[in-house]
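Nothing in this text is a laboratory measurement; each read-out follows from the coordinates by a stated rule. These figures come from a predicted structure and were not determined experimentally. Glycine also receives a Cβ, built like all others from the backbone with ideal geometry; neighbour counts cover every protein chain displayed.
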Amino acid sequence: MKFVIEIVEIEKCPDDWTTKANWPGEGIYRVKEETNIYAVHSWGVSFIGNDEPFTKTPYIQPEEQVSESLLLKAIAAASRAENLR
């Protein structure tokens, strides 16, 4: 089973990384140029460790896709519209 976890990369770790208010918000963060991962959650901040066990796959926003049946219906409607002119 695979899970997708968003890890937000930030430029610099807060000086007091243990205080939740010093982070941009709740989430999982990786400091750029480091391998440390931190989790900011409702109870505070946790140091998770380094990012070695994670598989790094950049997220690419999927484009909107049209089903084949919808495409065929659009082509059929367009061809009928041409015949009506």
Ranked output for segments 57-66, 6-15 by mean other Cβ atoms within 10 Å, highest leading, reads 6-15, 57-66
Share (percent) of C-alpha pair distances in the chain greater than 20 Å works out to 54 percent
Among beta bridges assigned by DSSP with both residues in segment 1-59, the antiparallel ones amount in percent, to the nearest 5, to 70 percent
Relative contact order of the chain (C-alpha contacts under 8 Å, at least 6 apart) in percent is 18 percent
Two pseudo-spin positions, 7 Å from Cα along C-beta at SER46 and at SER67, lie apart in nanometres by 4.1 nm
